[in-house]
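First comes the structure, then the notes that go with it.
The values are calculated or read from the model by the stated rules, or taken from the named source; none is laboratory data. Predicted model, so just to flag it, every value in this text is computed and none were measured. Cβ coordinates were reconstructed from backbone atoms using ideal geometry, including for glycine residues, and neighbour counts include every protein chain displayed. Note: accessible area is taken over every heavy atom of the protein model, side chains too, but ligands, DNA and RNA are not part of it. Shrake-Rupley method; radii C 1.70, N 1.55, O 1.52, S 1.80 Å.
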Amino acid sequence: MKIKDTRKENIFSAALQCFIEKGYAESSISMIASRAGISKGGLYHYFPTKRELFLGLFLYRVNQYSEQLRDQLHNEKSPDKRLKMLVREAGSLLVHNEAFYRFCLEFLSIGVRDAEIRSVMTDFYKETVGIFAHIVNEGIDTGLFQPIDSKKLARMLYFTVMGAFFTFFSVDPDFTFSEQFSFQINFMLKALQG
């Protein structure tokens, strides 16, 4: 890894901790720079504003996790197994990257009032629903799944993920994310397969 990439990763790690501990509004560039072990000017070299850092952190980590999921799914041809694999891997990512998912709650809450962040989340939503719909269509085309409106089902899968995600981080959960979500996906798959 190049020094520039390492420094950027250190900034993202520091920003992540600040944003989940203090929130976006209360986190300052000085605080993030100090935690990253660089000067404020050094941080501004990579990110001219706190807002660009906030957006950059979200996009960088989402792209990183999306690549990991694509790599995991690449060799699996069966649509039902790919959906199950998505669930398993998403649960694993959540367990190993809980801080980032907590950050996502901050990101999403700001998106309620901020058009640019809302646009970024809309792109994420459309891409995720598109992936789910594609897998469902493959299952329908191969006769594995019953004919159904794949976009509506894909939205239902997305809403299921987001509902579990919001609940997991906003209450003292009496469930593990991966087990609950696995149950929900298996239940849907049984209904799809008739």
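What the table below lists for this structure:
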quantity: Separation of alpha-carbon centers, the range 23-38 and the range 133-167, rounded to whole Å; calculated: 40
quantity: Whole-Hz couplings from phi, Karplus 6.51/-1.76/1.60, listed for the range 43-53; x for Gly and Pro; calculated: 5, 4, 4, 8, 9, x, 9, 4, 4, 5, 5
quantity: Reported label for calculated percent of Cα pairs over 29 Å apart given [x] 28; [y] 38; [z] 31; calculated: [z]
quantity: Fraction of accessible area attributable to carbon and sulfur, the chain (%, probe 1.4 Å); calculated: 53
quantity: Helical mean residue ellipticity (222 nm; -39500 (n - 2.57) per DSSP H run of 4+; nearest 500) of the chain; calculated: -28000 deg cm²/dmol
quantity: The range 1-143, relative contact order in percent, only Cα pairs under 8 angstrom and at least six apart counted; calculated: 23
quantity: Set Lys8/Lys81; Lys152/Lys190; Lys22/Lys84; Lys8/Lys126; Lys151/Lys190 screened for pairs whose C-alpha atoms are more than 24 Å apart; calculated: Lys8/Lys81; Lys22/Lys84; Lys8/Lys126
quantity: Magnitude of the charge dipole, the chain, Cβ model with Lys/Arg +1 and Asp/Glu -1, debye to 20; calculated: 400
quantity: Charge tally in the Cβ shell below 15 Å around His134, where Lys, Arg are +1 and Asp, Glu are -1, His134 excluded; calculated: +2
quantity: Rounded to whole Hz, the Karplus (6.51, -1.76, 1.60) HN-Hα couplings of the range 16-30, x for glycine and proline; calculated: 4, 5, 5, 5, 7, 7, 10, x, 4, 4, 8, 7, 10, 4, 4
